[in-house]
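Okay, structure first, notes after.
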């Protein structure tokens, strides 16, 4: 890919939690191009969520730096600018939703950006309709189902029209209908996406390339299209299965 088309780069990132005695990220290098849809897998504790939080400035690396569109953020003000362009959907939607009603939650970001209440409301209703959440504006947030909360959390991010979308385990705890609905949404989005998931088939259906995070580094894993073909051709579907060697 064109080196000039890189939207996000992590350069020699090292990070360890205090008292852990081991670096979660160890001289990690990783770059993402404009429009790329990337899946990121790895064992629990491998640093997948940590990586996302470092890009957002929620955690600061011990060494190395983040580049976004060629700029290196250093201060909290710099990272606030990044957060306006890079949206993060948390694994647990309850960590993202805090307002009494759906409309208030979705409109919070636009209001915080200085839009008028009418503008924020109009944008929020539009994005809710695009996600097939028509009529959800006055729903009480904490009374929503788990799948509905996940969709509203996605709406709170997409309403900001981000250039990059991060999703941390987007399929966790979803029923099949909501799971398919979110797959359809992600496949229609024309933005750069980085998705953390344990589900190979979910990544196979929503990304282009899958990387693995292990021993503190990111490595190429496989082409998503090849993996999707593999799952599609097997009646075992999402169930893990192996291949016998008949030679």
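Read-outs: derived from the displayed coordinates by stated rules, not from any lab. Just so it is clear, the structure is predicted and the values come from calculations on it, not from any experiment. Reconstructed Cβ throughout: ideal geometry from the backbone, glycine too, with neighbour counts over all protein chains shown.
Key figures for this structure:
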read-out	value
Calculated SAXS-style log₁₀ I(q)/I(0) at q = 0.11, 0.16 Å⁻¹ - the range 91-161, Debye, Cα scatterers	-0.21, -0.44
Of (1) 1.11; (2) 0.94; (3) 1.05, the label for Cα Rg over 2.2 N^0.38 Å derived from the coordinates	(3)
Linear extension gain, residue 143 paired with residue 20, 0.36 nm per residue minus alpha-carbon span	40.5 nm
Kirkwood Rh and Cα Rg combined as Rg over Rh, evaluated for the range 118-218	0.99
Residue order, fewest to most beta carbons within 10 Å, for 213, 203, 174	174, 213, 203
Computed over the range 138-194, Cα set: Rg, Dmax in Å	11.6, 32
Additional length obtainable on full extension of the chain from residue 132 to residue 116, 0.36 nm per residue less Cα span	3.3 nm
Convex hull per residue volume in Å³, alpha carbons only, for the range 1-125	148 Å³
Volume per residue of the C-alpha convex hull in the range 40-81, rounded to whole Å³	84 Å³
Calculated log₁₀ intensity ratio I(q)/I(0) where the Debye formula runs over C-alpha points of the range 101-142, q = 0.32 Å⁻¹	-1.10
